[in-house]
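Read the structure below first, then the notes.
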Amino acid sequence: MSTFWRTFKVAAWLGWEMDSNWTEPWLFIIYSIVKPIAAVFILVLMYVVFAAIGNVRPQPLFDFMYVGNAFFIFVGSTLFGTFQVIQSDREWYQTIRYVYISPISFYVYVMGRAVSKIIVASFAVVITLAFGAFVLNPPVPITISWSAVPVFIVSFILGLFCLLAIGITLGGATFLMARHTQTIAEAVPGIFYVFCGVLFPLSVLPGGLSDVGKVIPLTYWFDLSRRLLLPSAELQGIQTGLGGFSDLTILAFLAISSVAFFGLSIAVFKAGEYLARKAGKIDMTTSY
Amino acid sequence: MREATVRRADLRFRLGLNLRSVVGRAYPRVIGANREPSWLIFEVFLPLLGIAAYVFIYQAFYQAQAAAICPSPCTPTPAQLLALHQAGQNLNALVATVVLGGTMVAFWLNVLWSMASQLYWEKEIGNLQLYMMAPMNRMALLGGMAIGGMFMTSVRALSTLVAGIVVFGVIFSVANPFLLLAVFFVTLIALYGMGMMFASLYLLWGREAWNLSALMEEPIFFSSGMYFPAGGLFSIPTWGPAVAIAGSIVPATFGLDALRQLTLPGTAPLPLLPPVTELEILLVLAVVFLVLARYTLAYLETLAKREGKLTSRHQ
Amino acid sequence: MPYAVETRDLTRIFAGKRHWLRKPDPEEVERGVGPTTALGGVTVQIPEGELFGLLGPNGAGKTTLIKILCTLLLPTSGEAFVAGHDVTKDVFPIRQRIGMVSGGETTGYGLLTARENIWMFSQFYGVPSKVAKERIDGLMKVFGLWDRRDAKVRTLSTGQRQKMNMVRGFATDPDILFLDEPTLGLDVNAARIIRDYVMKWLKENKGKTVLLTTHYMAEADEMCDRIAIIDNGKILACDTPENLKRTARMDTTFQLEVDALRNTDGFTAIPGVKNFSSKNDIGKNMTHLTFILDGEAPVADILSRIMSQGSKVHSLQKSEPTLEDVFIRMVGRGFE
Ligand SMILES: Nc1ncnc2c1ncn2[C@@H]1O[C@H](COP(=O)(O)OP(=O)(O)O)[C@@H](O)[C@H]1O
Ligand SMILES: [Mg+2]
């Protein structure tokens, strides 16, 4: 256990150094906030424009989108961060081979490296939500009842863990597709953006596409987070396709799929490493 | 000096040298794309996801609006029918906005990636010093990178456009194709001029500049209205117009606004200026950026040479 | 006739690491993050046709000098001319005429073949495609890359990539070629091929000039017409290898192997000792000493000094002077 803790600590320190050493920490923090806030502004303006030319204000949909988008910041930073850690350690620093003695300690290492990203992301999420609740007019009605807090915390941790697992799965996959890293990094969040009910209810998707999200654990995470933070009645009118399930059932779905992804991530990572070693691609770099 | 070492430096030679350099530098990017055809799948299908997300947002809004106009089960009265038609047209214009924006984003990313951040990477692996000690013009080098990337980028842009029409059913109608083409190409030239200007920052700052351009991505998409009509910024009372004006320095702003007006005659939402005026502004921007790029490149190259930053530390 | 390369009092100081929006703290300056004088007043003149060697240990300033001459770095003060043009002002004619290959370098686009990579660079010099291709093919045969001509660079070994870079250096037919430690890390055969080709190229093409840096003594000795010994950014001597060794021959050189010595202070205080160097062989637990002496008289004093530390002398040998001895005489330490 103490080795785990030490690995974790060293990795967390390393993560912070790597993320922030290109500039002063305070600039780094601004950087980490400006980007997501600007992304939020794009959505706000989409809504403003629609309201202006259509003379309607579908406020509940905007609230839906606003909270979903705020939580999506975690996807960008945690998932992409994890994935990038693996990638950059492998290619740029070529240190990865000294780290993965076993998949479990590797997990701890990646978790440690992701910590600084998660903290900065949380900061950005809180700021985004606060902006919606206090600055926007009309405000996004964000509240949480005391009884919902435990569920929220459990769901939050499961969600992050899930993102980590997905990141590691992707990291394993890029052993074989090293040249496509950039595209994968762009594509996977894109898939989640569209299919997980982040910005719009899944019922908008045509035909069977709305079912795609139901096998991705993040869909449940977004839905549950939103239910807990936006309990007002009008929101319940939005057809999410998950309306039939209770909060706890959704939490159970999330838990089960997180565990499944944990297993999958270890398997894919090991397989990726093995196949890459077999193909002689393990220290391949992507220069082209 | 001896006869054998006399070298030509006349205009014709320089022109040839720079053209060869453009071709030489474009080559690896074109070949790279062809040697790894799997790129195509990634370049074509995946960017569509981002576009799709924005399109569905507008569709969700539209569905809410439609339900408000005529709650289901809907048997519309003529007045409701007219309102629904109007709403449908607005939706088409907004989806078209997203599709055009996605097309422009492809070029914008090529500008940033192929000309600017690529230099940082070239420096890290040690290619940059070999480029910088060669006699060709630096703009030829950057031009080569851009043109090389243009192949993939055009595929990406075109597929976005086609998907917009086929998958999302956007209806474009073009009344003045020449003006449209002029706007498009002038926008591209201005955009690439701007990219060259940014590229010079990379000579000096490397990683900082790389992070900076990553940082600027969303704010620029926002301020130049890639996914909504930039005119919408004027409906934000205090700071909206300021952002819109600042954003219009990026050539994509007026370029997209003109493209919207030229492909959606009459229905383009919240236009800024008449397309011809926008074309004139874009022409000015193109010239200014290209000239500025030339000087900033020369200036920052000297600065980088003075500070010892043109070459990577590890060499 | 102008020199191919000429520098006058060339100085380059690297400012320490600077921060955005923050002053460097004094502690960092102390740790050596502060200003470094990489070149401190270098004056050299290299006539056309010469193979000039720059010999010095790591960090001596060799690469810095080459970067300045290649128009990649500006001097802090002093002047430098390449092919008669000022490196700070007149870069185009210089760039047209120079080539540079540095030894550690293994760059190239992995997806392209070696041939395509070199071709790309030749285009930056305006070499017509057909000429470039012929030259590249010829050079690839010389450097033993012909079998691998169509292999993608990412499949080449480090040594092959280094050879590819040599081909790149020659393919643009430069008048002045800068070779920065061209054989660094190569095996004996590959290094041989490179050395032989450089000498042959110079012999067959009148008016070409090569500036070679190295920290291999034997390489400098074998190849160069003249050698400048550089240390800490200063040229300590500049002459033909023969003359350099001749100055050393006026001295007497002794090599000693003794039990590991803890204390080597005080040897220079012995009258007649011009300088010395010591190298510890940890494996054998011995110290290897090289003395540059004025005659043989001081040997007795040296021996008694060693034995007073309780150390045993295993061998004592008078030797022919090498370039390394020249270096030791001037700087008081060995080389590699
Ligand atoms: N970009 C730089 N910034 C700061 N110091 C540098 C830089 N490049 C070289 N130096 C320093 O200048 C000195 C000479 O370096 P260099 O010319 O690379 O030596 P050599 O090639 O002989 O090994 C060294 O002390 C090195 O640390
Ligand atoms: Mg060096």
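The values are calculated or read from the model by the stated rules, or taken from the named source; none is laboratory data. As the structure is a prediction and not an experimental result, all values here were calculated from the model. No Cβ is skipped: glycine too gets one built from the backbone with ideal geometry, and neighbour counts run over all protein chains shown. Note: areas computed on protein heavy atoms with side chains; ligands, DNA, RNA excluded. Shrake-Rupley method; radii C 1.70, N 1.55, O 1.52, S 1.80 Å.
Couple of notes before you dig in:
- Looking only at the range B:265-286, and only at residues there that are free of Cβ contacts under 8 Å to residues at least 40 places away in the same chain and in a helix (DSSP H, G or I), the one that is surrounded by the most Cβ atoms within 10 Å (Cβ to Cβ): B:Ile281
- Options B:Arg35, B:Arg29; residue that is facing another protein chain (nearest Cβ under 7 Å) and either free of Cβ contacts under 8 Å to residues at least 60 places away in the same chain or of a type outside the set (A, V, I, L, M) (or both): B:Arg35
Let's see how each residue does on (1) surrounded by fewer than 20 Cβ atoms within 10 Å (Cβ to Cβ); (2) more than 16 Å from ligand 2 (Cβ to nearest atom); (3) polar (S, T, N, Q):
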position: C:Lys130; (1), (2), (3): yes, yes, no
position: C:Gly144; (1), (2), (3): yes, yes, no
position: C:Asp150; (1), (2), (3): yes, yes, no
position: C:Thr172; (1), (2), (3): no, yes, yes
position: C:Val188; (1), (2), (3): yes, yes, no
position: C:Asp196; (1), (2), (3): yes, yes, no
position: C:Asn205; (1), (2), (3): yes, yes, yes
position: C:Thr214; (1), (2), (3): no, no, yes
position: C:Glu222; (1), (2), (3): yes, yes, no
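To keep it simple, each residue is scored yes or no on (1) of a type in the set (Asp, Glu); (2) surrounded by fewer than 19 Cβ atoms within 10 Å (Cβ to Cβ); (3) within 8 Å of another protein chain (Cβ to nearest Cβ).
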| site | (1), (2), (3) |
| --- | --- |
| B:Leu48 | no, no, no |
| B:Ala52 | no, no, yes |
| B:Ala67 | no, yes, no |
| B:Ser72 | no, yes, no |
| B:Val99 | no, no, no |
| B:Trp108 | no, no, no |
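- Scan of the range C:63-83 for residues that are open to solvent by 10 Å² or more (accessible area, probe 1.4 Å), more than 8 Å from chain B (Cβ to nearest Cβ) and near ligand 1 (Cβ under 10 Å from one of its atoms), ordered by number: C:Thr64
- Residue in the range B:204-223 that is more than 13 Å from chain A (Cβ to nearest Cβ) and of a type outside the set (Gly, Ala, Ser) present: yes
- Counted as qualifying within the range B:43-142 are the helices (runs of 4 or more DSSP H) with 3 or more residues that are within 30 Å of C:Phe121 (Cα to Cα), namely B:78-110, B:118-125, B:128-132.
- Within the range C:207-221, being touching a helix residue (DSSP H, G or I) at 6+ places or on another chain (Cβ under 7 Å) and not hydrophobic (A, V, I, L, M, F, W, C) holds for C:Gly207, C:Lys208, C:Thr213, C:Thr214, C:Glu219, C:Asp221.
- Within the range C:30-100, strands (runs of 3 or more DSSP E) holding 3 or more residues that are in the same structural domain as C:Val167 (by TED's automatic domain parsing) and within 16 Å of ligand 2 (Cβ to nearest atom): C:36-46, C:51-55
- Count - residues of the range C:88-103 that are at the interface with another protein chain (Cβ under 7 Å from one of its Cβ atoms) and over 19 Å from C:Glu6 (Cβ atoms): 1
- If the condition is being within 21 Å of A:Ser257 (Cβ to Cβ) and open to solvent by 60 Å² or more (accessible area, probe 1.4 Å), then the range A:135-166 contributes A:Pro150, A:Ile153, A:Val154, A:Ile157, A:Phe161.
- Scanning the range C:101-110 for residues that are in a loop (DSSP other than H, G, I, E, B) and hydroxyl-bearing (Ser, Thr, Tyr), we see that the one that is surrounded by the fewest Cβ atoms within 10 Å (Cβ to Cβ) is C:Thr106.
- One residue stands out in the range A:175-188 among those that are more than 9 Å from chain B (Cβ to nearest Cβ), surrounded by fewer than 20 Cβ atoms within 10 Å (Cβ to Cβ) and assigned to a helix (DSSP H, G or I): the one that is modelled with the highest pLDDT, namely A:Ala185.
So that you can scan it fast, the table gives a plain yes or no per residue for (1) crowded, with 20+ Cβ neighbours inside 10 Å; (2) not hydroxyl-bearing (Ser, Thr, Tyr):
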| residue | (1), (2) |
| --- | --- |
| C:Asn280 | no, yes |
| C:Ile292 | yes, yes |
| C:Ala300 | no, yes |
| C:Ser304 | no, no |
| C:His314 | no, yes |
| C:Leu323 | yes, yes |
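- A:Phe50 vs. criteria assigned to a helix (DSSP H, G or I), at pLDDT 80 or above and more than 10 Å from chain B (Cβ to nearest Cβ): no
- Identity of the residue in the range A:11-28, in contact with a helix residue (DSSP H, G or I) (Cβ under 7 Å, 6 or more places away or on another chain) and under 17 Å from A:Ile118 (Cα atoms), that ends up modelled with the lowest pLDDT: A:Ser20
- Test: residue in the range B:76-87 that is of a type outside the set (Asp, Glu), surrounded by fewer than 24 Cβ atoms within 10 Å (Cβ to Cβ) and within 27 Å of C:Thr63 (Cβ to Cβ): no
- Every test in (1) closer than 22 Å to A:Phe50 by Cβ; (2) modelled with pLDDT under 90 is passed by B:Met197 save one, and that test is (1).
- Residue satisfying all of: in the range B:138-148; out of contact with any Leu (no Cβ under 8 Å at 6 or more places or on another chain) and within 11 Å of chain C (Cβ to nearest Cβ); nearest to C:Arg168 (Cα to Cα) among these: B:Leu141
- Answer from C:Val198, C:Val167 - the residue that is within 14 Å of chain B (Cβ to nearest Cβ) and in a helix (DSSP H, G or I): C:Val167
Residue-wise test of (1) open to solvent by less than 30 Å² (accessible area, probe 1.4 Å); (2) modelled with pLDDT of 90 or more; (3) out of contact with any helix residue (DSSP H, G or I) (no Cβ under 7 Å at 6 or more places or on another chain).
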site	(1), (2), (3)
B:Gly149	yes, no, no
B:Ala182	no, yes, no
B:Trp205	no, no, yes
B:Glu208	no, no, yes
B:Ser213	yes, no, no
B:Met216	no, no, yes
B:Ser235	no, no, no
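- Pick from the range A:53-107, criterion among the aromatic types (Phe, Trp, Tyr) and at pLDDT 80 or above, ranking: farthest from B:Phe234 (Cα to Cα): A:Phe74
- Residue that is nearest to B:Leu201 (Cα to Cα), among those in the range B:212-251 that are outside any helix (DSSP H, G or I) and in contact (Cβ under 8 Å) with a residue 40 or more places away in the chain: B:Val250
- Note on the range C:222-242: residues that are out of contact with any helix residue (DSSP H, G or I) (no Cβ under 7 Å at 6 or more places or on another chain) and within 13 Å of ligand 1 (Cβ to nearest atom) total 5.
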